[in-house]
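Bear in mind these aren't lab numbers, they're just calculated from the coordinates by the rules spelled out. Because the structure is a prediction, the values reported are computed rather than measured. Neighbour counts run over all protein chains shown; Cβ positions are idealised from the backbone, glycine included.
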Amino acid sequence: MARPASPAAVEDPAGLGRARAAAIAAPALLVVLAFLVFPALWTLYLGTTNYRLTGFAARHPRSVGIDNYKNVVQDPAFHHSLWLTFEYVLGSAVIGQALLGFTIAWLLRDASGRLKRLVEALVLLAWILPSSVVAFLWSGLLDRDSGTVNTLLHTQGTAWIVEHPMAVIIVFNIWRGTAFSMLLYSAALTGVPPSQLATARMFGANQWQQLRDVVFPHIRGHVLTNLLLISLWTFNDFTPYQITGGADARSQILPVYIYQTALFDGQMGLGAAIALLMLVINLVVALVYLRLLRERRLERAA
Amino acid sequence: MGARSVRPKRSGHPRPRHPRPRPLRTFIAVAAAAATLAAGCSSSKSSPSGADVNSANQPKNPTLVITANDISGGKNGAEADWIQKSLIPDFIKAEAAKGITATVTFRANGVDDNAYKSKLALDLQSGTGDDVFALDGIWVGEFADAGYLKPLADVAGTQVDDWDGWKQITNAVQALGEYQGKRYGVPNGTDGRVIFFNKKLFAQAGLPTDWQPKSWQDIYDAADKLKALSGVTPIQWDGGVPMGEATTIQGFLPLLAGAGGSLYADGKWQKPGKSFTDALGFYQKVYGGGYGDAVLQQDAKGRDKSFSEFAAGKIGMYAESDYMWRAVVNPQGGTAPMADRDAGVGYALIPAQTPGSGIRKQDFVSYSGGSDWSVNPKTKYPQAAWDFLAFMNSNAETVSRIGGAAKITARTDVNTQVLAADPMLKFVNDKVLPITSFRPSLAAYNDVSALVQKAVADVVGGKSPDEAAATYEKGLEALVGAASIAGGS
């Protein structure tokens, strides 16, 4: 804490009193309850039934206890999907987007206005286009018979999406999401004092040493925030479905796997169970990152 | 209609009575807001029950929304155009003559059948859903069990069974809209599977243009010759999970029937036996032997692409239903039109593995299906909805429907009038329907079909038929229970 505060002021900084504070917060809390807590609990409940989209179990769902959860945890298809999701997050977000985004931001930090704006505009374009549109464009790019990629590389007849489904969606997501990391790191790099970089250079530090010893300590918080956001987004990303069509088990990341299970196969109960497990994984990932961030803040405060 | 495979009126499974799961007590504690939300979701609209529905006391200004997987300029485009430009205006006129001002709109869809099914089920489940809709005959059981469909007589009263149109529909076709002996929908028509072939390519390969294979070996032999032509895939025999039901009915089931087997017989699901692995062996031969394009089977848009390839003269033989003829390569309004369809596309009966080895000792086999039109049990205007259904399936409207593109309709009176004009459809009506089989109208069918698709895809992907059959057997047992499975064919 920068300045000491009395305990009373910490507990009630606005001086509203408990009742009035609760009244002000109530509408927001109700919305949170209705649209976040209730669906989450409903998912938990659905996950304990054999509820289906059609058929007898749609009208008369029956409680199956924790069978769905047990089956999911033991199901090799779920393990496979979880592993693919891990590959997808690690490959496209943590390594791909974050690294590429930082590289572009670093290279462009001193670039002239026009070049910088042009590159940023191009990268941003990939980010702001509607996903259905870009998925359609990518299907065209990678098409087996008349795709642009095959024409450019002279690889006619290569069905990229069928033959290399994971590679395709990883490259796609790097292309799609790099803008966010680039913007965040561009902003973060402006906070690195140029005097410190100049000093480091004066002492003969090479690029890597400058990055490691000067830049990184300044932007560590940004890196963690960036990784937290992009890995959660990527973990929940459904866009690959629009490219692969979802039927291919070799590229069924969790959101697609849940969609196939719950809506395509109609097993809503089982799908809900997987969705809840996914929620738990999300929470764990978020907690780990927040923990790291808090440690960082405590370090700074000390 | 001729011979049909076993099509039980009653499901073989005992239906255990389970109490509805009680909403957990915690929910009540969650929030008043959540509770109101839940109440809003589960309260059902009250609509008149079938007994009260009759044309005398119906509302004078009914509003109907009609939906089907038809879209102008795309999937089933001819039917979409007919519904919008002809059927609906005609119906509104006919209602006006009775002093009723009907407002009818059409909601178009142009997606894969499975996506349409999910959408329909979700709409009906949430208590909305359009008033009159088309659905595949094999979904009737699942939808009825879920309560999304009710027997037509429960929705619209006794007038349903009194409708004079039923007399024109054969029992086999009526069964496409029935489940456990009750009528849930009015069938739209039926179809039959054949092998289409490109006569030009056949001539180039030195094969007869009036080709009719007598065994699977004849198909392999023709494929061998076609393989010599450059840029030509000899066979398209649907074999991928993305192709969904097409893989089961177009691809696998005619092969299974050709090897003398069926998925379901005498009230039991069949354990995969020799006929099952033989049918998978056909796929192994075709896709392992370089006669077919294995990669295309896995493509999310594989079916549409294979249609375009056939139309472009890049595929020699294609196992499909008459849908191919009237809706795909049709020079008028097909999705992949062939200007020289009538002269350039041949069709042959699907042979049994060897002569006489087919189901019921047949030399040739086929499978048929068809869709229905049905009424949403929650419609506010059951009388108008039924009137619409009866009107659209009247002789005059059925004739008008197929005005642009002939089709085997549900009505025999219409078929005799119009099919003579189209030799292919006459061929299906006269030669294929007498030897065809139908899929079991059981709620579990679609899940079993998904297992079949998986088994086929496994073989196309390189696994052995025995391995794929073992996986199928395991899946089947988990799905329907060992008690519902009979021991092998």
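Miscellaneous remarks
- Whole-Hz Karplus values for the range B:79-90 come out as 5, 4, 5, 4, 4, 6, 8, 10, 4, 5, x, 4 Hz, taken residue by residue from phi with 6.51 cos²θ - 1.76 cosθ + 1.60 and θ = phi - 60°; glycine and proline positions read x.
- Neighbour cut-off at most 13 other Cβ (10 Å), DSSP loop, trypsin sites (Lys or Arg not before Pro), the range A:133-212: none
- From helices alone, chain B scores -10500 deg cm²/dmol at 222 nm; the rule is -39500 (n - 2.57) for each run of n ≥ 4 DSSP H residues, then divide by the residue total.
- Modelled spin labels at A:TRP127 and B:ALA482, positioned 7 Å past Cα toward Cβ, are 5.8 nm from each other.
- Database remark: amide H of B:GLN270 closer than 5 angstrom to the amide H of B:TYR264, B:ALA265, B:ALA486 (H placed geometrically; neighbours at sequence offset of 5 or more, or on other chains; Pro and chain starts carry no H).
- Put simply, the protein assembly as shown fits an ellipsoid with semi-axes of 52, 36, 26 Å; these come from the alpha carbon gyration tensor as the roots of five times its eigenvalues, largest first.
- 3J(HN,Hα) along the range B:259-276: 9, x, x, 8, 6, 9, 8, 6, x, 9, 6, 9, 5, x, x, 5, 4, 5 Hz, from the Karplus curve 6.51 cos²θ - 1.76 cosθ + 1.60 with θ = phi - 60°, whole Hz, x for Gly and Pro.
- Solvent-free Debye calculation, one equal scatterer per alpha-carbon of chain B: log10 I(q)/I(0) at 0.10, 0.11, 0.12 Å⁻¹ equals -0.78, -0.94, -1.10.
- As an equivalent ellipsoid, the range A:86-230 spans semi-axes of 35, 16, 14 angstrom, where each value is the square root of five times an eigenvalue of the C-alpha gyration tensor, largest first.
- Area projected by the alpha carbon convex hull of the range B:339-455, averaged over all directions, nm²: 11.2
- Per residue, the convex hull spanned by the Cα atoms of the range B:161-256 amounts to 161 cubic angstrom.
- Using the rule -39500 (n - 2.57) for each DSSP H run of four or more residues, divided by the residues of chain A, the 222 nm mean residue ellipticity is -21000 deg cm²/dmol.
- Dividing the mean sequence gap of close Cα pairs (under 8 Å, 6+ apart) by how many residues chain B holds gives a relative contact order of 26 percent.
- Over the range A:57-99, volume per residue of the alpha carbon convex hull, in Å³: 98
- Using a cutoff of 8 angstrom between alpha carbon atoms and counting only pairs six or more residues apart, the relative contact order for the range B:291-348 works out to 20 percent.
- Sites B:LYS225 and B:ASP363 - FRET efficiency at Förster radius 22 Å, r taken between beta-carbons, to 0.05: 0.45
- 10 Å beta-carbon shell around B:GLY344, net charge (K/R +1, D/E -1): +1
- Kirkwood-type radius of the range A:1-140, with distances r between different C-alpha atoms, in Å: 22.0
- Set the Cα radius of gyration of the range B:261-372 against 2.2 N^0.38 Å, with N its number of residues, and you get 1.24.
- Placing unit charges on the Cβ atoms of the charged side chains and taking the dipole of chain B about its Cα centre, the candidate lying farthest along the positive direction among B:GLY206, B:ALA420, B:VAL65 is B:VAL65.
- Cα point-scatterer Debye curve for the range B:399-454, base-10 log of I(q)/I(0) at q = 0.13, 0.20, 0.22, 0.31 Å⁻¹: -0.50, -0.77, -0.81, -1.23
- Hull-based mean projected area of the range A:220-288, where the convex hull spans the alpha carbons, in square nanometres: 5.1
- When the range A:70-142 is reduced to its Cα atoms, the Kirkwood hydrodynamic radius in Å: 15.3
- Within straight-line cross-link reach of B:LYS98, aspartates and glutamates at Cα separation under 20 Å, skipping those fewer than 8 residues along the same chain: B:ASP52, B:ASP90, B:ASP162, B:ASP164, B:ASP387, B:GLU397
- When the C-alpha to C-alpha distance is required to be over 21 Å, none of the pairs from B:LYS227/B:LYS285; B:LYS199/B:LYS426; B:LYS199/B:LYS227; B:LYS274/B:LYS463; B:LYS199/B:LYS314 qualifies.
- Considering every alpha-carbon pair of the range B:278-325, the percent of pairs per 5 Å bin, from zero through the bin containing the longest distance, is 5, 18, 26, 28, 18, 5, 0.
- Gyration tensor (Cα) of the range B:130-173, equivalent ellipsoid semi-axes in angstrom: 20, 15, 10
- Extent of the range B:191-313 along its three principal axes (Cα atoms, max minus min coordinate, largest first): 48, 33, 29 Å.
- Per residue, the convex hull volume that the Cα atoms of the range B:52-167 enclose (Å³): 130
- Over the C-alpha trace of the range B:216-285, radius of gyration and Dmax come out as 14.0, 48 angstrom.
- In chain A, inverting the average of 1/r over every pair of distinct C-alpha atoms gives 22.9 Å as the Kirkwood radius.
- Distances between placed amide hydrogens fall under 5 Å for B:TYR347 paired with B:PHE197, all partners being 5 or more residues away or on another chain.
- Over the range A:144-206 - Rg/Rh using Cα atoms and the Kirkwood inverse-distance radius: 1.33
- Fraction of beta bridges assigned by DSSP in the protein assembly as shown that are antiparallel (%, nearest 5): 60
- Taking one quarter of the surface of the C-alpha convex hull of the range B:103-150 gives a mean projected area of 3.7 nm².
- Given charges at Cβ of Lys, Arg, Asp, Glu: the range B:127-251 dipole, positive-most of B:GLY147, B:ILE235, B:GLN168: B:ILE235
- For the range A:177-302, radius of gyration divided by Kirkwood radius, i.e. Rg to Rh on alpha-carbons: 1.16
- Cut-off under 5 Å, modelled amide H: who pairs with B:VAL365 long-range: B:ILE350, B:ALA352
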